Amino acid sequence: MSDAPIASVDVLNVHGLYADPIEPHARPGNHVRVTSHPLLGLPAAPLMYWRGMLDDKSMRRLRTDVTFRDLDGSTLTAPVEVRPDRPIEVHFGSAGGTCIFANLIVDTNQLDVEMYVPSALGPVHAGTRSDFPYSVSAHSIDHLVLRSRSGSHQVNEVRWAALDEFPDIGLDQWTISQLPHPGTIRYLQTDDWEAEVEGRIVLQAPQRRPLQEETGRPAPLAASIEGPAFELDRVMSLTAEVRDKDLPPLLTDLSQRQRDMFAEEEVADQTGTADYYLHQASSS
């Protein structure tokens, strides 16, 4: 696993989001979404997910070489003091390495930890953590900004993991996701694929009816409560044409490349007038 190549985030990206139990719609727990560039094509086998399990032992192996700076650019020595009028920046990798996970060691929950990631236009804000645990992660973290909402607080240490070192911390196989197809020469055949597809839908089923399917634009908490059976029926109905018409040729038609297959749809404005056509490349 440690020798596996790391795909560029421009062609393959994984987004993770934790849903709190108080969230009215999303099922509590970790939600993962994979996005890929059309030229990468459909997967040749079910996607396998691995995750790093950061227990007390592995947390002690994380790096601590960070640079603290105030907003004037002055370098500070840990422990550092964060006040409402004195935000602190945390920069990673004085010895090199791409930060993908960081954990703040502090004895207060009155901080906002802002995470910034690289972009073509410079570092951009990607999220804020406002309570314990003060942990953030991304494909590449440029720096953090620590802000105090109230009072003066001491930050003793920031522990972080580098991308090339993460496999050494320990990775465990977590789960898989399967295309709704039994398999062909272009896609690995698997047993119980239908049960896996339906199980995945049930596992992530929202707790309430989607707002776009309610009348009167209700507040999120006012939407109708629904169970997994409703979501399974809804998704299977919405994707019937994709499963029965669009997906099979991509996986079975060897006479042409996937990227040469596309769907042409007429797109109309609010008056019903067709202004242009949408060409959707399938994959490669």
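Please enumerate the residues belonging to segment 221-260 that are β-branched (Val, Ile, Thr) and part of a helix (DSSP H, G or I).
Listed by number, the residues that qualify are Val235, Val242, Thr252.
Could you tell me whether Glu81 is surrounded by 17 or more Cβ atoms within 10 Å (Cβ to Cβ), of a type in the set (D, E, K, R), modelled with pLDDT of 95 or more and out of contact with any Pro (no Cβ under 7 Å at 6 or more places or on another chain)?
No; evaluated as a whole, the condition is false for this residue.
Hey, among Arg33, Arg51, which residue is closer than 30 Å to Ala219 by Cα and of a type in the set (D, E, K, R)?
Of Arg33, Arg51, the one residue that is closer than 30 Å to Ala219 by Cα and of a type in the set (D, E, K, R) is Arg33.
Could you grab me the full set of residues in segment 189-233 that are surrounded by 11 or more Cβ atoms within 10 Å (Cβ to Cβ), under 24 Å from Ala45 (Cβ atoms) and among the small types (Gly, Ala, Ser)?
Within segment 189-233, just Gly199 meets the criteria.
Considering segment 5-62 alone, what residues qualify as being aromatic (Phe, Trp, Tyr) and in contact (Cβ under 8 Å) with a residue 60 or more places away in the chain?
Hits for segment 5-62 are Tyr49, Trp50.
Only one of these is over 18 Å from Leu179 (Cα atoms) and surrounded by 13 or more Cβ atoms within 10 Å (Cβ to Cβ): Leu42, Leu62, Leu47, Leu12. Name it. Outline the logic, then answer.
Working: Leu42 fails: over 18 Å from Leu179 (Cα atoms); Leu47 fails: over 18 Å from Leu179 (Cα atoms); Leu12 fails: over 18 Å from Leu179 (Cα atoms).
None of the others qualify; the one that does is Leu62.
Read through the list (1) at positive phi; (2) assigned to a strand (DSSP E or B), then give the number of the only condition that Val155 fails.
If we test Val155 against (1) at positive phi; (2) assigned to a strand (DSSP E or B), just (1) comes out false.
Give the number of residues within segment 134-152 that are under 14 Å from Ile100 (Cβ atoms) and either aliphatic (A, V, I, L, M) or part of a strand (DSSP E or B) (or both).
9
Scan Val136, Val155 and give me the residue that is surrounded by 16 or more Cβ atoms within 10 Å (Cβ to Cβ), out of contact with any helix residue (DSSP H, G or I) (no Cβ under 8 Å at 6 or more places or on another chain), of a type in the set (Val, Ile, Thr) and under 19 Å from Gly16 (Cα atoms). Steps first, answer last, please.
Working: Val155 fails: under 19 Å from Gly16 (Cα atoms).
Val136 is the lone residue from the list that is surrounded by 16 or more Cβ atoms within 10 Å (Cβ to Cβ), out of contact with any helix residue (DSSP H, G or I) (no Cβ under 8 Å at 6 or more places or on another chain), of a type in the set (Val, Ile, Thr) and under 19 Å from Gly16 (Cα atoms).
Could you count how many residues in segment 177-220 are among the polar types (S, T, N, Q), touching a Lys or Arg at 6+ places or on another chain (Cβ under 9 Å) and either at pLDDT 95 or above or part of a loop (DSSP other than H, G, I, E, B) (or both)?
3
If I filter segment 236-255 for residues that are basic (Lys, Arg) and modelled with pLDDT of 95 or more, do I get at least one hit? Break it down into steps so the answer makes sense when it comes.
Taking segment 236-255 as the starting set, the residues that turn out to be basic (Lys, Arg) are 243, 245.
Still in the list and also modelled with pLDDT of 95 or more: none.
For segment 236-255, residues basic (Lys, Arg) and modelled with pLDDT of 95 or more: absent.
Can you find even one residue in segment 156-171 that is over 26 Å from the mean Cα position of the chain (by Cα) and either at pLDDT below 95 or among the charged types (D, E, K, R) (or both)?
Yes: one or more hits.
So which residues in segment 115-130 are in a strand (DSSP E or B) and surrounded by fewer than 16 Cβ atoms within 10 Å (Cβ to Cβ), if there are any at all? Let's see the steps before the verdict.
Taking segment 115-130 and keeping what is in a strand (DSSP E or B), we get 115-117, 124-129.
Once the filter is applied, which keeps residues that are in a strand (DSSP E or B) and surrounded by fewer than 16 Cβ atoms within 10 Å (Cβ to Cβ), segment 115-130 yields Val124, His125, Gly127, Thr128.
Are there any pairs, at least 6 apart or on different chains, whose C-beta atoms fall under 8 Å, with the first in segment 131-151 and over 12 Å from Val113 (Cα atoms) and the second basic (Lys, Arg) and surrounded by fewer than 16 Cβ atoms within 10 Å (Cβ to Cβ), and if so, which?
Within 8 Å, the pairs are Gly151/Arg83.
How many residues does segment 87-114 contain that are charged (D, E, K, R) and either closer than 12 Å to Gln154 by Cα or part of a loop (DSSP other than H, G, I, E, B) (or both)?
Residues meeting the conditions: 1.
I want to confirm something. Restricting to segment 30-58 and keeping residues that are under 15 Å from Leu171 (Cβ atoms) and assigned to a helix (DSSP H, G or I), which single residue is nearest to the chain's Cα centre (by Cα)?
Ser58
The values are calculated or read from the model by the stated rules, or taken from the named source; none is laboratory data. Being a predicted model, the structure only gives us computed values, none of them experimental. So basically every Cβ, Gly included, is an ideal-geometry build from the backbone, and we count neighbours across all protein chains shown.
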